[in-house]
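This report concerns only the one structure given below.
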Amino acid sequence: MICFIVTSSLVLVSIPVVHAEEELFVNRYELLNPPLPTANPDKIEVLELFWYGCPHCYAFQKYLTIWAKTRPDDVDFVHMPAIFNERWATAAQVFYAVESLGIGEKMHPAIFDAIHLHKRALTDEQSFMNFLVEQGVKAEDFTKAFHSFDVDSKTRRAKSMTTKYGIDGVPAIIVNGKYRLSTEKADGYENMLKIVDYLIAKERGLKIQKPVNAVATPTTH
């Protein structure tokens, strides 16, 4: 007669670690404690915190845009406006308003260019609206979106998450709700994205460690 003793165990898939990278990057990012939830737990989330008025965020965009276009399929990339004061909150409302109008992808770089390349003083609702009208957006559509419940809710959440992420400046990146990066600590834009890729690989390795709850061990009597 053959009987089976059912035991609980964890089968770990061995993931090779590039020790040189680990040693190089270990002091270039910070751990969030506790980690924060992401929008889709099935994906690895990379979230950028920014402000339209920040020249460093503007400079970072050309690197970030190239990276985002070539990111792996298992990675979600998210923009989130950081909010430290009312001026930043207005810019955040603009971001979510144009997003709700379905023109976020087009207007996001255009707003950055307007402020930093063309030196437009976009600081309040009226100045942003004037600029967007020039881009073909109807004033009434923008006003309705800007003051909508959905945009207000997203702006409030962005303000709350700015605090929870513990950032003290922008640009900043949060990887999978666990790791916080700044350009200063990462030592530049390109290094920052190299560290992002390293942390993505690290998280991917953790995701493929699969528990096996019932492993049968045969015994004989």
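The values are calculated or read from the model by the stated rules, or taken from the named source; none is laboratory data. The shown structure was predicted, so the numbers you read here are calculated from the model rather than taken from an experiment. All Cβ positions, glycine included, derive from the backbone under ideal geometry; neighbour counts span all protein chains shown.
Structure values in brief
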{"quantity": "Residues located in segment 61-94, provided they are surrounded by 18 or more Cβ atoms within 10 Å (Cβ to Cβ) and either among the acidic types (Asp, Glu) or without any contact (Cβ under 8 Å) to a residue 60 or more places away in the chain (or both)", "calculated": "Gln61, Trp88, Thr90, Ala91, Val94"}
{"quantity": "Residues being at pLDDT 80 or above, surrounded by 11 or more Cβ atoms within 10 Å (Cβ to Cβ) and out of contact with any strand residue (DSSP E or B) (no Cβ under 6 Å at 6 or more places or on another chain) - total across segment 20-31", "calculated": "2"}
{"quantity": "Residue within segment 123-139 that is at negative phi, basic (Lys, Arg) and buried (at least 17 other Cβ atoms within 10 Å of the Cβ) present", "calculated": "no"}
{"quantity": "Filter result for Ile83 (out of contact with any Leu (no Cβ under 8 Å at 6 or more places or on another chain) and in a loop (DSSP other than H, G, I, E, B))", "calculated": "yes"}
{"quantity": "Residue within segment 95-117 that is surrounded by fewer than 18 Cβ atoms within 10 Å (Cβ to Cβ) and part of a strand (DSSP E or B) present", "calculated": "no"}
{"quantity": "Residue under evaluation Val17, criteria (1) modelled with pLDDT of 95 or more; (2) surrounded by 11 or more Cβ atoms within 10 Å (Cβ to Cβ), criterion not met", "calculated": "(1)"}
{"quantity": "Exclusive hit being free of Cβ contacts under 8 Å to residues at least 40 places away in the same chain and closer than 23 Å to Thr65 by Cα, set Lys119, Lys144, Lys138", "calculated": "Lys119"}
{"quantity": "Residue ID - surrounded by the most Cβ atoms within 10 Å (Cβ to Cβ), chosen from residues in segment 162-172 that are in a helix (DSSP H, G or I) and in contact (Cβ under 8 Å) with a residue 40 or more places away in the chain", "calculated": "Thr162"}
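To keep it simple, each residue is scored yes or no on (1) assigned to a strand (DSSP E or B); (2) closer than 19 Å to Lys62 by Cα; (3) polar (S, T, N, Q).
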{"residue": "Ala121", "(1), (2), (3)": "no, no, no"}
{"residue": "Gly136", "(1), (2), (3)": "no, no, no"}
{"residue": "Ser153", "(1), (2), (3)": "no, no, yes"}
{"residue": "Arg157", "(1), (2), (3)": "no, no, no"}
{"residue": "Ile174", "(1), (2), (3)": "yes, yes, no"}
